[in-house]
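Read through the structure below, which is laid out as structure tokens, and then see the notes.
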Amino acid sequence: MGEGRMKNGKRPTKRECELMEIHELKPADWLIFKNLHNELHIVHRETGERREISK
């Protein structure tokens with residue numbers, strides 16, 4: 001029960017968008033689901049692909 005589920009992703013802030021652009025990602029396509037002090041966990045809006053990017 002609850003396998004593969006997660007909390008709803010949030011729209012990225014301006015600073016998070018800038019960070020995604022540095023990593024050559026399009027911020028409009030990604031949502032933030034975990035924001036740690038040294039990395040950002042993101043999920044693609046359409047495909048559900050997850051990534052971790054360092055800050």
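Key figures
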item: Of the criteria (1) assigned to a strand (DSSP E or B); (2) modelled with pLDDT of 95 or more, which one L25 fails; result: (1)
item: Subset of the stretch 40-55 (residues that are out of contact with any Asp or Glu (no Cβ under 9 Å at 6 or more places or on another chain) and open to solvent by less than 70 Å² (accessible area, probe 1.4 Å)); result: G48
item: First in the stretch 35-48 and of a type in the set (S, T, N, Q), second anywhere and open to solvent by 40 Å² or more (accessible area, probe 1.4 Å), Cβ under 8 Å, 6 or more apart; result: N38/S54; N38/K55
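The values are calculated or read from the model by the stated rules, or taken from the named source; none is laboratory data. Quantities reported herein were computed from a predicted structural model and do not represent experimental measurements. Neighbour counts run over all protein chains shown; Cβ positions are idealised from the backbone, glycine included. Note: areas computed on protein heavy atoms with side chains; ligands, DNA, RNA excluded. Shrake-Rupley method; radii C 1.70, N 1.55, O 1.52, S 1.80 Å.
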